[in-house]
There are 2 protein chains.
Amino acid sequence: MILINENYTKLPGSYLFSEIARKVNEFKAANPDSNIIRLGIGDVTKPLTPAIIEAMHKAVDEMGEASTFRGYGPEQGYDFLVNTIIENDYKALGLDIATDEIFVSDGAKSDTGNIGDILGLDNIVAITDPVYPVYIDTNVMAGRAGELQNGKWSKLVYIPCTEENDFIPELPKEKVDIIYLCYPNNPTGTTLTREQLKVWVDYALKNKALILFDGAYEAFITESDVPHSIYEIEGAKEVAIEFRSFSKTAGFTGTRCAYTVIPKTVFGYTKSGEKISLNSLWNRRHTTKFNGVPYIIQRAAEACYSTKGKTEIKAIIDFYLNNAKIIRQGLTEQNLKVYGGVNSPYIWVKTPNNMTSWEFFDYLLHELNVVGTPGAGFGPSGEGYLRLTAFGTLDNTKEAVSRFKKMSI
Amino acid sequence: MILINENYTKLPGSYLFSEIARKVNEFKAANPDSNIIRLGIGDVTKPLTPAIIEAMHKAVDEMGEASTFRGYGPEQGYDFLVNTIIENDYKALGLDIATDEIFVSDGAKSDTGNIGDILGLDNIVAITDPVYPVYIDTNVMAGRAGELQNGKWSKLVYIPCTEENDFIPELPKEKVDIIYLCYPNNPTGTTLTREQLKVWVDYALKNKALILFDGAYEAFITESDVPHSIYEIEGAKEVAIEFRSFSKTAGFTGTRCAYTVIPKTVFGYTKSGEKISLNSLWNRRHTTKFNGVPYIIQRAAEACYSTKGKTEIKAIIDFYLNNAKIIRQGLTEQNLKVYGGVNSPYIWVKTPNNMTSWEFFDYLLHELNVVGTPGAGFGPSGEGYLRLTAFGTLDNTKEAVSRFKKMSI
């Protein structure tokens, strides 16, 4: 009899975005003439830039000629892309990452989701709260999360990040083995300074813990004391895996390219205490269950680092950051407390008058016809907040802000 | 302390292709003027066809314009592709598959590797032998394979497919829960008729077992009694998951697109006997750990089904099948026993004079300068065979055959 992985039955439905869609559709049906502005989902809107488009056309042509056609490539990514990544994202920071420490993939969602494959089931997992739901869901599937009790998973260690602690996660009191950190943060848009991140690296070194560092929003960093890579922190190359993505950096949400860095100096342990390189385990996983990113897409990713590509991409990031600034200012002028949006496309708004996040969501939808994402959807500590994104058009962003002025709460 | 998944430590190195490469390089170094013909690795050589190239150029342009740009798409694939797949690969066979039963992905390797995620660890797994190594390795990683003893995994059930049984797998004596079937087969190139496949579907129905049916080589089928989909067999929609790929069909080994079919009528069970739809579990996995295939690549896959695309692709398949025929004839004329190559790009050669597969490999390399793949690399029952592929150029294929005439064993 075919048995299922029963951990899957513990997962609640992916309620958040379907519930938002249901509410928006219901409102739209009742108010067909309303002009709804969507600042909810974190998807980019700007097209791929000319340098990227040009690189892809060239690669497409290569795939059509026998002499330049490419079949199976290295699962870890072509050298032309890996070397370009190292040069621009690491050497430029003075960091030394080897070619066999980079694994090109189809997305940071895939990699942060699949990384658990190589890790034991008895590890204690810590997540900051609120959090990107994939970290939790994939640990539920693996059986590391325990049971869902009053909105929390019994075996996970929740590290609240709220205005009370200025969104700076405090070290857990219990010992933990795996720590997910996402900075600049999704959903709060907040960051850690080098000094604040060092506290976690030191903890991991001391406790032989592993930091899974999601840097998908690195391109939005504007402040000089915010690290662009966790490997800027001394000792991190012994305890951290870094996930990076072209999705938000270069508008690749529908183009799909990312990479994961596993220094050969990061070790895990067998129960009997034997040290094993996580790089070699991930290499085995990556080459066995994955067949590489399309050649055409790897050429697109490479083009992001050309002089022309960099200039074009920076202009788009600046555009989104300007939207973020407009939203921040608009909300601040309404005496709302606003976080993030400086090194991030996400603005994290404290709900006024102790409204719940769903109440504030409903208010914005019904009174201002603006859609956000209720913070409670990202975890218990997201209650009392709402996420807005800077990925809209300039017109829509300005229009949303002009509607904020009509807020009467 | 960070614990690893210790199942990974049980995996032997991926010895086969690295050992082949080592031997070839060694020979090449000693004989720099030799003209080596490689008929070993199963990668295509023909470029993508004009219809596909055209579709990709168009899609690339769409990604460069705000009005046609695509961000996140549905993880399961765009309707335009899913509907085209259903129309051409299923409706054309008189089979009824629903849009939410198709999951577009980046490869059959990924899907056959990841499918175990949703299945329990206590299932007994059966594989035909010889076999595509990914089925075994991913079960080792999950912990379903037991220990490696004398070249066999203790908990796996091996079903030998050799000339003794005409490469027709016999039903196992013990009860099994998961059965991997790959037809047309990699590595043997052999097939099952509808009647022969029905035996397995009936077994699965009777024993509540699950068939994982890998149809990656479907496009090479030429004989009318060979099923193009397992769903042609009555009852299969209750017990089978089908994996399909554009890799060998349309030369997508470096372009990456595939799909998996999970009918909503395929169920798994909890230990307490509750029936759970595997479609819903896979949907949860696919949307949580994957973010869809690039839009551009999905348009490329769609183009494979246009009138022009179909004609172009058929010409390439016919070209490879003609190579296969040339190799078969050449070897048969040397009084070698040859299997496969009629509905498959793979030719499975019985080694002469009871040579081991590595001895025959060495002979071909050293005496004829032709590289094959030793059958022993695909499992115990592959000993005494060697795999040749039809993916070479016509000139190389003919040259290989003319060298076979010099065989003196």
### Query
Got a number for residues in segment B:225-250 being part of a loop (DSSP other than H, G, I, E, B), touching a helix residue (DSSP H, G or I) at 6+ places or on another chain (Cβ under 7 Å) and not hydrophobic (A, V, I, L, M, F, W, C)?
5
### Message
Exactly one of these conditions fails for B:L121: (1) surrounded by 15 or more Cβ atoms within 10 Å (Cβ to Cβ); (2) farther than 26 Å from A:P47 by Cα; (3) in contact with a helix residue (DSSP H, G or I) (Cβ under 7 Å, 6 or more places away or on another chain). Give me its number.
### Response
(1)
### Message
What's the total number of residues in segment A:246-282 that are in contact (Cβ under 8 Å) with a residue 12 or more places away in the chain and either closer than 22 Å to A:K206 by Cα or more than 10 Å from chain B (Cβ to nearest Cβ) (or both)?
### Response
19
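For every residue, the table says whether it meets (1) at the interface with chain A (Cβ under 8 Å from one of its Cβ atoms); (2) buried (at least 17 other Cβ atoms within 10 Å of the Cβ).
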residue	(1), (2)
B:R284	yes, yes
B:R299	no, yes
B:E302	no, yes
B:E312	no, yes
B:A315	no, no
B:D318	no, no
B:I327	no, yes
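Kindly provide the set of residues from segment B:49-88 that are part of a loop (DSSP other than H, G, I, E, B), in contact (Cβ under 8 Å) with a residue 24 or more places away in the chain and within 13 Å of chain A (Cβ to nearest Cβ), ordered by number.
Our first condition is that a residue be part of a loop (DSSP other than H, G, I, E, B); within segment B:49-88, this holds for B:49, B:64-78.
Checking the rest, the ones that are also in contact (Cβ under 8 Å) with a residue 24 or more places away in the chain come to B:49, B:70, B:72-78.
Result: B:T49, B:R70, B:Y72, B:G73, B:P74, B:E75, B:G77, B:Y78.
Working carefully through the options A:I159, A:I97, find the one that is in a strand (DSSP E or B), at negative phi and more than 14 Å from chain B (Cβ to nearest Cβ). Don't jump to the end; show me each part of the working.
Working: A:I97 fails: in a strand (DSSP E or B).
The conditions single out A:I159.
Mind counting the residues in segment A:189-225 that are within 11 Å of the chain's Cα centre (by Cα) and away from chain B (no Cβ under 12 Å)?
Narrowing segment A:189-225 to residues within 11 Å of the chain's Cα centre (by Cα): A:189, A:213-218.
The next check asks that each one be away from chain B (no Cβ under 12 Å); those that pass are A:189, A:213-215, A:217-218.
The number of residues fulfilling the criteria is 6.
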### Task
Return a yes/no flag: does segment A:100-116 have any residue that is within 19 Å of A:F213 (Cα to Cα), out of contact with any Phe, Trp or Tyr (no Cβ under 8 Å at 6 or more places or on another chain), away from chain B (no Cβ under 11 Å) and surrounded by 18 or more Cβ atoms within 10 Å (Cβ to Cβ).
yes
### Task
Scan segment A:184-194 and give yes if some residue there is farther than 29 Å from A:K337 by Cβ and out of contact with any Asp or Glu (no Cβ under 9 Å at 6 or more places or on another chain), otherwise no.
no
### Task
State which residue is nearest to the chain's Cα centre (by Cα) when the search covers only segment B:120-156 and only residues that are facing chain A (nearest Cβ under 9 Å) and among the polar types (S, T, N, Q).
B:T138
### Task
Working only within segment B:303-335, note down all residues that are touching a residue at least 60 places away in the same chain (Cβ under 8 Å) and in contact with a strand residue (DSSP E or B) (Cβ under 8 Å, 6 or more places away or on another chain).
B:A324, B:I327, B:L331
#### Entry: Subset of segment A:260-282 [buried (at least 24 other Cβ atoms within 10 Å of the Cβ) and part of a strand (DSSP E or B)]
A:T260, A:V261, A:G268
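Filter segment B:336-359 for residues that are outside any loop (DSSP other than H, G, I, E, B) and of a type in the set (A, V, I, L, M, F, W, C); which is farthest from B:K23 (Cα to Cα)? Lay out the reasoning, then the answer.
Going residue by residue through segment B:336-359, those that are outside any loop (DSSP other than H, G, I, E, B) are B:338-340, B:346-350, B:352-354, B:357-359.
Adding the requirement that they be of a type in the set (A, V, I, L, M, F, W, C) leaves B:338, B:347-349, B:358.
Working: B:V338: 24, B:I347: 22, B:W348: 21, B:V349: 20, B:W358: 11 Å.
Only one residue tops the list, namely B:V338.
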#### Entry: Any chance A:I86 is under 30 Å from A:K308 (Cβ atoms), at pLDDT 95 or above, touching a strand residue (DSSP E or B) at 6+ places or on another chain (Cβ under 9 Å) and buried (at least 17 other Cβ atoms within 10 Å of the Cβ)
yes
### Task
Could you please let me know if B:R285 is assigned to a helix (DSSP H, G or I), in contact with a strand residue (DSSP E or B) (Cβ under 8 Å, 6 or more places away or on another chain) and basic (K, R)?
no
## Note on the structure
Given the conditions (1) assigned to a loop (DSSP other than H, G, I, E, B); (2) not assigned by TED's automatic domain parsing to the domain that holds B:I41, every one holds for B:A300 apart from (1)
### Query
Is it the case that some residue within segment B:22-43 is within 28 Å of B:K308 (Cα to Cα), in a loop (DSSP other than H, G, I, E, B) and in contact (Cβ under 8 Å) with a residue 12 or more places away in the chain?
yes
#### Entry: Residue in segment A:6-16 that is modelled with pLDDT under 95, more than 10 Å from chain B (Cβ to nearest Cβ), assigned to a helix (DSSP H, G or I) and touching a Ser or Thr at 6+ places or on another chain (Cβ under 9 Å) present
yes
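Answer with yes or no whether B:D202 is over 27 Å from B:K248 (Cα atoms) and either touching a residue at least 60 places away in the same chain (Cβ under 8 Å) or crowded, with 23+ Cβ neighbours inside 10 Å (or both). Break it down stepwise before answering.
Values: over 27 Å from B:K248 (Cα atoms): yes; either touching a residue at least 60 places away in the same chain (Cβ under 8 Å) or crowded, with 23+ Cβ neighbours inside 10 Å (or both): no.
No: the conditions fail for B:D202.
The values are calculated or read from the model by the stated rules, or taken from the named source; none is laboratory data. Source: prediction; values computed, not measured. Cβ sites come from the backbone with ideal geometry, for glycine too, and all protein chains shown count toward neighbours.
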